[in-house]
Amino acid sequence: MTSQAISKDEIQLVYLSERCANTDEAAINKIKLRAEHNNHRRNITGALLFTEHYFLQYLEGEAAIVDALYASICRDKRHTNARLLLRKPITQRDFSRWSLGVKKLLDNEENQDLIAVLNMIGQASKVTESQLDWFKLALQ
Ligand SMILES: Cc1cc2nc3c(=O)[nH]c(=O)nc-3n(C[C@H](O)[C@H](O)[C@H](O)COP(=O)(O)O)c2cc1C
């Protein structure tokens, strides 16, 4: 993964939300197609990780545009309880190649630690940036 130098007032935002029971993989694919198109148009990059219960999404781009998108995502009925985990200024993007990379985190042995951390974050009130870095690595 290459990082791309940027010049504007850009941020990285990460949130965790709970997947609604009827948001199946076909629904997620629909989100992906629409999001790729929209994000490309808005110069937003990012990645979406999903498990049986959760979504974890990274969004990067100009602050006002990312904030507006996040506000609209929070109103989306395909998930619930969106919780902001991180919002920070950036000078480089971590997902510069993807309008929206989407990855399913499988519940296999290899991913047990990540799933455990995700479940913990889902229930805890705080998350550290180093915990989030694990997900960043899994997504890149
Ligand atoms: C988990 C999740 C992630 C989403 N991510 C994005 C995204 O990265 N970009 C985007 O434009 N819409 C995303 N959406 C969809 C938005 O909530 C909203 O439906 C969409 O932006 C509306 O686009 P439209 O006005 O082009 O129909 C996401 C929805 C969910 C449930």
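Just to be sure I understand the filter: pairs with C-beta atoms under 8 Å, separated by 6 or more residues or on different chains, first member in the range 95-106 and in contact (Cβ under 8 Å) with a residue 60 or more places away in the chain and on the phi < 0 side of the Ramachandran plot, second member in a loop (DSSP other than H, G, I, E, B) and within 13 Å of the ligand (Cβ to nearest atom). Which pairs pass?
Within 8 Å, the pairs are SER99/ILE44; LYS104/THR51.
Name every residue in the range 99-108 that is assigned to a loop (DSSP other than H, G, I, E, B) and either loosely packed, with under 14 Cβ neighbours inside 10 Å or near the ligand (Cβ under 9 Å from one of its atoms) (or both), in order of residue number.
Those that are assigned to a loop (DSSP other than H, G, I, E, B) and either loosely packed, with under 14 Cβ neighbours inside 10 Å or near the ligand (Cβ under 9 Å from one of its atoms) (or both): SER99, LEU100, LEU106, ASP107, ASN108.
Please find, within the range 28-65, the residue that is surrounded by the most Cβ atoms within 10 Å (Cβ to Cβ) out of those that are in a loop (DSSP other than H, G, I, E, B) and near the ligand (Cβ under 10 Å from one of its atoms).
Looking at the filtered set, the residue picked out is ILE44.
Could you please find all residues in the range 65-93 being out of contact with any strand residue (DSSP E or B) (no Cβ under 7 Å at 6 or more places or on another chain), over 21 Å from ASN29 (Cα atoms) and touching a residue at least 40 places away in the same chain (Cβ under 8 Å)?
Listed by number, the list holds a single entry, ASP67.
Identify the single condition in (1) surrounded by fewer than 18 Cβ atoms within 10 Å (Cβ to Cβ); (2) in contact with a Lys or Arg (Cβ under 8 Å, 6 or more places away or on another chain); (3) not β-branched (Val, Ile, Thr) that SER96 does not satisfy, given that it satisfies every other one.
(2) is the only condition that SER96 fails.
Among the residues of the range 67-88, is there at least one that is near the ligand (Cβ under 9 Å from one of its atoms), within 14 Å of the chain's Cα centre (by Cα) and closer than 14 Å to VAL102 by Cα?
Within the range 67-88 (the criterion being near the ligand (Cβ under 9 Å from one of its atoms), within 14 Å of the chain's Cα centre (by Cα) and closer than 14 Å to VAL102 by Cα), the answer is no, since none of the residues qualifies.
Each value in this text was obtained by applying a stated rule to the coordinates, not by laboratory testing. None of these values were measured; they are calculated from a predicted model. Cβ sites come from the backbone with ideal geometry, for glycine too, and all protein chains shown count toward neighbours.
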